[in-house]
Each structure stands twice: as C-alpha cells, then as structure tokens.
Amino acid sequence: TKLELESVGDIVIKHVGGQAQRSDAYVLMIKNTKLGDFKIECDSSFLKDRAYQKWFSQLGVELEEQTKNAIDASLASHSQILVPREIVTPPIPLSDFTKLASVVEDIKKAYIENEGQPLSLAPCGLHLNIEVESLEADYLLSILQSFYLLYDELVDGIGVAMIRRLAPYIKPFPK
C-alpha cells in the first residue's frame, strides 16, 4: 500500500495538532503542533535534491519551471511504491514519547486499510529526535556510546521492516 504525504500529515495533526504546509513535492511540514514542528518527507535525497535535473543539463536540456514542477509531481506520486515516507520529529522530551504511540498505530492502520492500493515496498519511517538534557561533552558521549552499544537491540526491538534493513535507510555501524 502507499500513503500520500498529506495522509500521513493528517494523522500527525489528529494527534498533536498543527497546520500542514507543503514545502515542495517531496516535503510536507506540520507547523505549530503541541510538540513542535514535524516534517513528513519522501525519504530520498535523489528526489529531494532533484538530482534528475543534472541529467537533463548534461544533455543540454533546460527545463522550464512548469516542466520541473510536473516532473516533481509525477516522481513524488510514483515513488510512493518504493521510497519510504518518513516523519521527522522535533526534539521531544522522553516523557512525551508516549504521545507518538497513537500516531504510529494510526499509520499502521492506514497502511492496512489501503490494502486495495498497489503493493508498496516502502513502509513509513519515524525519525525520532530526543531532547538532550545537557550539551556537555561527557553527557553527549555517554548518549552516543549507549546508542552504539544498544543499536542491534533497538533495531530488533523496534521491529524495523526487513525492506528498510535491506535498503540504504537503516545502515548498521561499521564493525
């Protein structure tokens, strides 16, 4: 199944409030929520950076703005099958993480309800940004060390979809 950026945005707004604001074909901002500003994006730097435009330039083809917008709209729509949608949170205190559980549950339900849609290999990801208690080097080092030591357990415990593990979105640390 596939979900439009707006569908994911509607779920976020339902649970934490805010207003949707389209940045471009690949990014939807949810501004002024109870937790801060969220970003919902097509998780592909190739698309977001419009790398395809370089190919046209190399061929000597200059695209008009209207043509670029039409290409972006088409790529954004068709990419839903292969490219994950990602929710990027603002820095959130650990005490507020439970507020995101209902967002995650509703996104899962939306994927199940859209079963009639073409198969998607691209589940929606959630990029959590925790609010740090201190910017002192020792504190930050302890957080990074903990994350590194617990990385495999976190990936297994969160239940990261196999397709995301195989794709370049979830990369293990080099050994």
>> Under the rule of at least 5 residues apart or a separate chain, name every residue whose amide H is placed under 5 Å from the amide H of residue 88.
In response: 39, 40, 41, 127
>> Need the full-extension length gain, residue 81 to residue 22, defined as separation in residues times 0.36 nm minus the C-alpha distance. One decimal, nm.
In response: 19.2 nm
> Which order do peptides 151-157, 22-28, 74-80 fall in by mean Cβ count within 10 Å, highest first?
Replying inline: 22-28, 74-80, 151-157
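In what sequence, highest mean first, do 60-73, 6-19 appear when ranked by Cβ atoms within 10 angstrom?
Most protected by this proxy first, the peptides run 6-19, 60-73.
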>> What does the C-alpha gyration tensor say about the overall shape of segment 70-115? Classify as rounded when a/c is under 1.5, otherwise prolate if a/b is larger than b/c, or oblate.
In response: oblate
>> With every atom except the alpha carbons ignored, what do you get for Rg and Dmax of segment 1-82, in angstroms?
In response: 14.8, 48
>> Order 83-92, 136-145 from most to least packed using the mean count of other Cβ atoms within 10 Å.
In response: 83-92, 136-145
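Values in this text are rule-based calculations from the coordinates and carry no lab data. Source: prediction; values computed, not measured. Cβ coordinates were reconstructed from backbone atoms using ideal geometry, including for glycine residues, and neighbour counts include every protein chain displayed.
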